[in-house]
Amino acid sequence: PFNGGVATTGKMYNRYTFPVFDNKDNIIGFSGRDIAPLSLEGRPKWKHIGDKKEWVYPLKVNLEDIKKCKKIILLESIGDMLALRENGINNSIVTFGLNVSAKIIYSLIALNPEKIVIAFNNDSGNNGAGNEAAISAKNKLLNYFDRNQISINLPVGAKDFGDLNLSDKNKIQEWYKTT
């Protein structure tokens, strides 16, 4: 459903690449995951082309799912979104990092969800960046939404949902029940 594929040339060479569309179905960027068997040192796992501040991904694919459940989960990466989708959870938006852009906020306002769940990476065992960013994102969203609409619910038992999905798929469903 994401119209992705492996780039065989260019800036996204050897990356599984996801096109990012705007609300008029124009491609406004690309996000690509390194798939090289032995990644070159210094080559980032993810590469983005385009202005991430303008991206609300994958709203083109999951808008109806979000409207049905009235809950939106904010995630750091496409990898986290895919791990949730593998478990039937299709109501997420990717922030492509640790900041909730103005474009995402405007989209959240238009969607008017009953609940916004911030589910960035659980970096408590490392530098705490995802944990601190989740608090910052919540404070930012409180300028637009009621306190009871916003919660932080980081993955438990792994750093992110990709790792959690690999360790035990049931843990993602258990996590979702607590959102």
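List of remarks:
- Of the residues making up the stretch 148-161, just one is at pLDDT 90 or above and either over 25 Å from N62 (Cα atoms) or out of contact with any helix residue (DSSP H, G or I) (no Cβ under 9 Å at 6 or more places or on another chain) (or both), namely N148.
- K45 meets each of the listed conditions (1) open to solvent by less than 70 Å² (accessible area, probe 1.4 Å); (2) in contact with a helix residue (DSSP H, G or I) (Cβ under 9 Å, 6 or more places away or on another chain); (3) charged (D, E, K, R); (4) closer than 23 Å to L98 by Cβ apart from (1).
- Looking across the stretch 120-147, the residues that are among the hydroxyl-bearing types (S, T, Y) and either assigned to a helix (DSSP H, G or I) or modelled with pLDDT of 95 or more (or both) come down to S136, Y144.
- Pairing each residue of the stretch 75-102 that is small (G, A, S) with any residue that is open to solvent by 30 Å² or more (accessible area, probe 1.4 Å), provided the two are 6+ apart or on different chains, yields C-beta distances under 6 Å for S101/K53.
- Taken over the stretch 109-144, the residue count meeting the criterion of being under 17 Å from K71 (Cβ atoms), buried (at least 18 other Cβ atoms within 10 Å of the Cβ) and out of contact with any Gly (no Cβ under 7 Å at 6 or more places or on another chain) is 9.
- Only one of the numbered conditions (1) in contact with a strand residue (DSSP E or B) (Cβ under 8 Å, 6 or more places away or on another chain); (2) modelled with pLDDT under 90 is violated by L164, and that is (1).
The values are calculated or read from the model by the stated rules, or taken from the named source; none is laboratory data. Keep in mind that what you see is a predicted model, and the values were worked out from it rather than measured. Backbone-built Cβ (ideal geometry, glycine too); neighbour counts: all protein chains shown. Side chains are part of the model used for accessible areas, which takes the heavy atoms of the whole protein and leaves out ligands, DNA and RNA. Shrake-Rupley method; radii C 1.70, N 1.55, O 1.52, S 1.80 Å.
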